[in-house]
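Have a look at the structure below before the remarks.
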Amino acid sequence: MAGVEYNAVVTQKLDVASGLMILRIAAKGWQLPAFKAGQYTVLGLLGLAPRAALTDPEDSPADPNKLIRRAYSVASSSVENEYIEFFITLVRSGALTPRLFALKPGDPIWLSPKMVGMFTMDRVPPNQNIVLIATGTGLAPYMSMLRTHLPEMQNANVAVIHGARHSWDLGYRAELATMQRLVPRFAYLPIVSKPEEEPFPWKGYTGFINDLWDSPDIEKAIGFKPTPEHTHVFLCGNPLMIEAMLKTLGGQGWTEQTPQTPGNIHLEKFW
Ligand SMILES: Cc1cc2nc3c(=O)[nH]c(=O)nc-3n(C[C@H](O)[C@H](O)[C@H](O)COP(=O)(O)OP(=O)(O)OC[C@H]3O[C@@H](n4cnc5c(N)ncnc54)[C@H](O)[C@@H]3O)c2cc1C
């Protein structure tokens, strides 16, 4: 195994939709490190691990003894230390995800013992409203933030805007809808971009997040008017959505947070 030992085990695999899963992993014989909600870690499997059925063959065969590693945002709460949860989409031609999708409970995997990243709520001042915007599995770090911090976030408005192609790709929908019912200042806004493919008419918002953001509907949809003075915006997932939102928000007075400079846009690009 070229000096690398699998150090963790899959405890649960939940199929959300075709090519979309929630994976829970437990450390084997060691303690999961403390982490901040919003951070990510790295998963790895050897090239000899089988690829899931119906995925594309690799252009050139992977080195069987080399660990293929990729970053994944943690979706579980940072107060949970029994397992760590991930929300993962299948890239059919990819190197690692076809192997991750072939896993089943009990299978071994490599999990980095380091949790890293600046995409956390650390630099949001108290009492600022927060809008968490994601496409697809970009929702993962927000699930960790909400599962960890929502009980303390009652002094401001918090909204999640989650874009996906179809309603069945809206992972965690039931949990987020329940949070909305139970928490007075929390809003959950799912948007689908291909409503014409729904087998049952979709009654919610449709189209792309950046178009909705610019429409008068946004205030009604999330229950407050987002302004740069009072609102921090988080962006995660597809780089095209992030670029479009950065342009829109920049024109409205928001500024990007960087390691050196404070700002009220926080972003994490998945590729
Ligand atoms: C900080 C960070 C956190 C991440 N967290 C997550 C996460 O929580 N869930 C998750 O599914 N992925 C996440 N990713 C992406 C992940 O690291 C891999 O890139 C992805 O799983 C594809 O790996 P692969 O080896 O199968 O594909 P590769 O062979 O590496 O092919 C990469 C290509 O796959 C496509 N791609 C990558 N990620 C996605 C995605 N999420 N949705 C659609 N297409 C994609 C892009 O076209 C990219 O160029 C994260 C990436 C970063 C940098």
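The values are calculated or read from the model by the stated rules, or taken from the named source; none is laboratory data. In this text, all values refer to a predicted model and were calculated from it rather than measured experimentally. We place every Cβ from the backbone using ideal geometry, glycine too, and count neighbours over all the protein chains shown.
Key figures
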{"read-out": "Flag if Gly44 is more than 10 Å from the ligand (Cβ to nearest atom), within 24 Å of Gly171 (Cα to Cα) and among the small types (Gly, Ala, Ser)", "value": "yes"}
{"read-out": "Candidate set: segment 230-257, residues that are over 18 Å from Ala159 (Cα atoms) and within 16 Å of the ligand (Cβ to nearest atom); chosen: the one surrounded by the fewest Cβ atoms within 10 Å (Cβ to Cβ)", "value": "Leu240"}
{"read-out": "Some residue of segment 62-71 being assigned by TED's automatic domain parsing to the domain that holds Lys28, near the ligand (Cβ under 8 Å from one of its atoms) and among the charged types (D, E, K, R)", "value": "yes"}
{"read-out": "Test: residue in segment 47-57 that is among the acidic types (Asp, Glu) and more than 20 Å from the chain's Cα centre (by Cα)", "value": "yes"}
{"read-out": "Count - residues of segment 76-96 that are closer than 16 Å to Ala27 by Cα and more than 7 Å from the ligand (Cβ to nearest atom)", "value": "10"}
{"read-out": "Flag for Asp15 being outside any loop (DSSP other than H, G, I, E, B) and surrounded by fewer than 14 Cβ atoms within 10 Å (Cβ to Cβ)", "value": "yes"}
{"read-out": "Tabulated pairs, segment 171-182, first assigned by TED's automatic domain parsing to the domain that holds Ile222, second in a helix (DSSP H, G or I) and of a type in the set (A, V, I, L, M), C-beta under 8 angstrom, 6+ apart or interchain", "value": "Gly171/Leu139; Tyr172/Leu139; Tyr172/Met143; Glu175/Met143; Leu176/Leu146; Met179/Leu146; Met179/Leu150"}
{"read-out": "Verdict on Pro113 being surrounded by fewer than 19 Cβ atoms within 10 Å (Cβ to Cβ) and either of a type in the set (Gly, Ala, Ser) or in contact with a Pro (Cβ under 8 Å, 6 or more places away or on another chain) (or both)", "value": "yes"}
{"read-out": "Unique match (being within 16 Å of the ligand (Cβ to nearest atom), surrounded by fewer than 20 Cβ atoms within 10 Å (Cβ to Cβ) and of a type in the set (Phe, Trp, Tyr)) among Trp271, Trp202", "value": "Trp271"}
{"read-out": "Where a residue in segment 197-219 is over 17 Å from Thr231 (Cα atoms) and its partner, wherever it lies, is exposed (fewer than 14 other Cβ atoms within 10 Å of the Cβ), with Cβ under 8 Å and at least six apart", "value": "Tyr205/Asp217"}
{"read-out": "Members of segment 159-202 that are assigned to a strand (DSSP E or B) and aliphatic (A, V, I, L, M)", "value": "Ala159, Val160, Ile161, Ala164, Ala187, Leu189, Ile191, Val192"}
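Per-residue answers, yes or no, for (1) surrounded by fewer than 16 Cβ atoms within 10 Å (Cβ to Cβ); (2) within 16 Å of the ligand (Cβ to nearest atom):
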| position | (1), (2) |
| --- | --- |
| Pro98 | no, yes |
| Asn129 | no, no |
| Gly138 | no, yes |
| Pro151 | yes, no |
| Ala159 | no, no |
| Gly163 | no, yes |
| Leu170 | no, yes |
| Arg173 | no, no |
